[in-house]
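Below: the structure, in structure tokens.
The values are calculated or read from the model by the stated rules, or taken from the named source; none is laboratory data. Since this is a predicted model, take the numbers as computed values, not measurements. Virtual Cβ from ideal backbone geometry, glycine too; neighbours counted across all protein chains shown.
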Amino acid sequence: MAKEWGFAVTSLGMIADFHARAISEMAGGRLVACHSRRKEAVDDFAEKFDCRPYYDYADLLADDDVEIVTICAPSGAHLDYALPAIGAKKHLIVEKPLEVTLERCDQMIDAAEKAGVTLGAIFPSRFVEASHLIKKAIDEGRLGRMTLADVYVKWHRTQEYYDSGGWRGTWELDGGGALMNQSIHGIDLLQWLAGPVCCVSAVTGILAHERIEVEDCAVAALEFENGALGTIEGTTAAWPGFLKRIEISGDKGTIMMEEDNILTWKFAQERPEDDQIRRKFSAGDTVGGGASDPAAIKFDKHQQNFEAFVDALNRGTAPELDGREGRKAVEVILAVYESARKDCKVRLPL
């Protein structure tokens, strides 16, 4: 019988509820504890999800039943929660982005490796069935020579959204704006599907919101290691908000994906299964994907993310979405910011 791992959730903002619901439904894990500096939040969360409340993080980390900590803190504070957990020999799963600088990402990765604990990242879009079909088709060469790879994340966030938390829209704790907080899911998916990005040229702006330090609009031209060209368009200023979209073309085929659906699946060399794929994924059920409401997401892909993590622990291997994988999208986004700030082309790795 597979081991059931004890989970704890720390920092109890909106996304923590999705973590708790995912853990409650997953195979191989159970929620045993929660932590926040806000007593009311801890009490409400503990009652809602039937887990032990902790108001002091050190006390949570001293709980032997806690084996895995999921970190839901503001992005620029992830390292501050990760290092004590690593020191306590807890495995950890960190919400996106892994951290807001490469130095802080690397510090977390190195500390986990030295301590012999497993560090996992969260990118639920990688667990969408359509994503895996697209990845398989690309890896099999069905697109031929890849030519274009684009991601469009045209979302909407109100001014009230940014005003609702002092950390939102700041470089220190949000790490960026429409790219680092919202578009990072699509950016990670794009670089996972199309391969590493080697060069970025970008512009960013604050066009529709007040009292924020970070971008609400960004456009970047990309060059991939495989020779393909691409674009990133990311915004929180496109009313009313639209599902994220990825388009990848080659000289032998084109695939277009909108959230969990495949809108275009065309190849010069057709296969018998292609019609079935088009029928199954052309109009699948989907929620808003967070396009206009950050709470309008499902928790089932978080669940699969967690299940893949504990499966790797049980097998004694690194999870597919480990810390180094989680770092990749952060590096692309930071290259975009550097390019926009310096008004120049930026080459990766940084």
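Which condition number does Asp274 fail, the rest of (1) at pLDDT below 95; (2) surrounded by fewer than 17 Cβ atoms within 10 Å (Cβ to Cβ) being met?
So Asp274 meets the others, but not (1).
Checking Leu243 against (1) closer than 21 Å to Ile23 by Cα; (2) in contact with a strand residue (DSSP E or B) (Cβ under 6 Å, 6 or more places away or on another chain); (3) among the aliphatic types (A, V, I, L, M), which test does it fail?
Among (1) closer than 21 Å to Ile23 by Cα; (2) in contact with a strand residue (DSSP E or B) (Cβ under 6 Å, 6 or more places away or on another chain); (3) among the aliphatic types (A, V, I, L, M), the lone unmet condition for Leu243 is (1).
I'm trying to understand the selection: among the residues of the stretch 304-318, which are without any contact (Cβ under 8 Å) to a residue 24 or more places away in the chain and of a type in the set (S, T, N, Q)?
Listed by number, the list holds a single entry, Thr317.
From (1) surrounded by 15 or more Cβ atoms within 10 Å (Cβ to Cβ); (2) under 30 Å from Leu83 (Cα atoms); (3) modelled with pLDDT of 95 or more, pick out the condition that doesn't hold for Ile134.
Result: Ile134 passes all but (2).
Select from the stretch 87-99 the residues that are farther than 14 Å from Ala8 by Cα and either touching a strand residue (DSSP E or B) at 6+ places or on another chain (Cβ under 8 Å) or outside the structural domain of Val117 (by TED's automatic domain parsing) (or both) and list them in ascending order.
Listed by number, the residues that qualify are Lys96, Leu98.
Give Asp63, Asp44, Asp17, Asp56 a once-over and let me know the one that is over 29 Å from Asp174 (Cα atoms), modelled with pLDDT of 95 or more and surrounded by fewer than 22 Cβ atoms within 10 Å (Cβ to Cβ).
Asp63
It is to be established whether one or more residues within the stretch 67-75 are more than 17 Å from Gly326 (Cβ to Cβ), of a type outside the set (A, V, I, L, M, F, W, C) and modelled with pLDDT under 95.
no
May I ask you to say which residue of Lys301, Lys266, Lys280 is free of Cβ contacts under 8 Å to residues at least 12 places away in the same chain, farther than 20 Å from Ile109 by Cα and basic (Lys, Arg)?
The unique qualifying residue is Lys280.
Are any residues in the stretch 24-77 among the β-branched types (Val, Ile, Thr) and either more than 30 Å from Gly177 (Cα to Cα) or without any contact (Cβ under 8 Å) to a residue 60 or more places away in the chain (or both), and if so, which ones?
Passing the criteria: Val32, Val42, Val66.
Each row is one residue, and each column tells you yes or no for (1) touching a helix residue (DSSP H, G or I) at 6+ places or on another chain (Cβ under 7 Å); (2) at pLDDT below 95; (3) surrounded by fewer than 16 Cβ atoms within 10 Å (Cβ to Cβ).
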| residue | (1), (2), (3) |
| --- | --- |
| His185 | yes, no, no |
| Gln191 | yes, no, no |
| Val203 | yes, no, yes |
| Val219 | no, no, no |
| Ile232 | yes, no, no |
| Asp251 | no, no, yes |
| Ile255 | yes, no, no |
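Can you list the helices (runs of 4 or more DSSP H) lying wholly within the stretch 83-200 that have 3 or more residues being free of Cβ contacts under 8 Å to residues at least 60 places away in the same chain and touching a Phe, Trp or Tyr at 6+ places or on another chain (Cβ under 6 Å)?
No helices (runs of 4 or more DSSP H) qualify here.
What strands (runs of 3 or more DSSP E) lie completely within the stretch 231-350 and have 1 or more residues being within 21 Å of Arg157 (Cα to Cα) and of a type outside the set (A, V, I, L, M)?
Per the criteria, 245-250, 253-258.
Give me a count of the residues in the stretch 20-41 that are at pLDDT 95 or above, of a type outside the set (A, V, I, L, M) and touching a Ser or Thr at 6+ places or on another chain (Cβ under 9 Å).
Final tally of qualifying residues: 4.
I'd like the residue in the stretch 138-169 that is of a type in the set (Ser, Thr, Tyr) and more than 17 Å from Ile15 (Cβ to Cβ) and, out of all such residues, is surrounded by the fewest Cβ atoms within 10 Å (Cβ to Cβ).
Among them, the one singled out is Thr158.
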